[in-house]
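Worksheet: one structure, shown below.
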Amino acid sequence: PADAVAVDAASYAVSAGCLLFVRVRERAADDRPVKDTGLWQDLRTGLSYLVRHPVLRSLAGLLAVFSFLSLGVTDLVIYHLKHDLGHDDGTVGTVMAVGAVGTIAGALLVARVRRRLGFGPTWIVSTAVCGLAFAGLGRAHTVPAVAVLTAVYLACLGMAGICSMSLRQEITPEPLLGRVTSAYWTLQYSVAPVGAAVLTWAAEQYGTARVAAVAGACCTLVAAVGLCTPVRGARHG
């Protein structure tokens, strides 16, 4: 474990070095400064902007539900591999490594896909495919099948996540960006740990296949609901 943690720590150093090569365009200064009024007031200010903006309001609500359903996916994959299929930690590591390749693939594809389809279709389709891959995980009875579904899930999760984060940064006035981001993440992740606990408990009680199918179907339903919100027509960026 110590060696694994050391490698992980080194990877953060590599990521920090890669940031040196990132180039960003200059952005015009915003002429609407917001005074620093304290933590709770900052959260209220960010929440107020979210509530007033139709796309961000809808997206925040959809992501809160999606995060509740999906934060425990990694736990479910590990439980399925070790408990249902009887494999060891090495197999779990291999599957997670294949899943990481999916994350990288999603990050490389998202800009091209979003330019072609726009934000709304990209986010909705990515979220729907996440749900389908999630639903299939519990019924995958071989390690390669679990690995492929994990990679597909993480690729689409990365695409949807990059889309939502970049959209929020593009349409939020710069002085409000920190406040809006704080409110956004607070809403999204305030219930997610509870969802992860419920998901893993349910898997132990009712079986991975059944729980993954229900949670995955609900994730796909989140994407379907997105078709009925302003998210559908959002094409910014």
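The values are calculated or read from the model by the stated rules, or taken from the named source; none is laboratory data. Every value quoted in this text rests on a predicted model; they were computed, and no experiment measured them. We place every Cβ from the backbone using ideal geometry, glycine too, and count neighbours over all the protein chains shown. For the accessible areas, the whole protein counts, side chains as well, though only heavy atoms, and no ligand, DNA or RNA atoms are used. Shrake-Rupley method; radii C 1.70, N 1.55, O 1.52, S 1.80 Å.
What the table shows:
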{"item": "Scope the range 152-165; condition touching a residue at least 12 places away in the same chain (Cβ under 8 Å) and either farther than 21 Å from residue 203 by Cα or under 9 Å from the mean Cα position of the chain (by Cα) (or both); matching residues", "result": "152, 154, 155, 156, 157, 158, 159, 160, 162, 163, 164"}
{"item": "Meets criteria (in contact with a Lys or Arg (Cβ under 9 Å, 6 or more places away or on another chain), open to solvent by 40 Å² or more (accessible area, probe 1.4 Å) and over 16 Å from residue 126 (Cα atoms)) for residue 75", "result": "no"}
{"item": "Residue 57 assigned to a loop (DSSP other than H, G, I, E, B), open to solvent by 100 Å² or more (accessible area, probe 1.4 Å) and at pLDDT below 90", "result": "no"}
{"item": "Conditions (1) more than 29 Å from residue 226 (Cβ to Cβ); (2) free of Cβ contacts under 8 Å to residues at least 24 places away in the same chain; (3) open to solvent by 40 Å² or more (accessible area, probe 1.4 Å): number failed by residue 17", "result": "(3)"}
{"item": "From the options 145, 100, residue that is open to solvent by less than 50 Å² (accessible area, probe 1.4 Å) and without any contact (Cβ under 8 Å) to a residue 24 or more places away in the chain", "result": "145"}
{"item": "Filter result (assigned to a helix (DSSP H, G or I), open to solvent by less than 20 Å² (accessible area, probe 1.4 Å) and not aromatic (Phe, Trp, Tyr)) within the range 162-187", "result": "163, 164, 167, 168, 180, 183"}
{"item": "Those residues of the range 102-126 which are of a type in the set (Val, Ile, Thr) and under 11 Å from residue 158 (Cβ atoms), in sequence order", "result": "103, 104, 110"}
{"item": "Residues of the range 60-96 classified as assigned to a helix (DSSP H, G or I) and either touching a strand residue (DSSP E or B) at 6+ places or on another chain (Cβ under 8 Å) or of a type outside the set (Ser, Thr, Tyr) (or both), total", "result": "25"}
{"item": "Checklist (1) under 18 Å from the mean Cα position of the chain (by Cα); (2) more than 22 Å from residue 49 (Cβ to Cβ) applied to residue 140, failing item", "result": "(1)"}
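Residue-wise test of (1) in a helix (DSSP H, G or I); (2) hydroxyl-bearing (Ser, Thr, Tyr); (3) at pLDDT 95 or above.
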residue	(1), (2), (3)
110	yes, no, no
115	yes, no, no
122	yes, yes, no
128	yes, no, yes
141	no, no, no
147	yes, no, yes
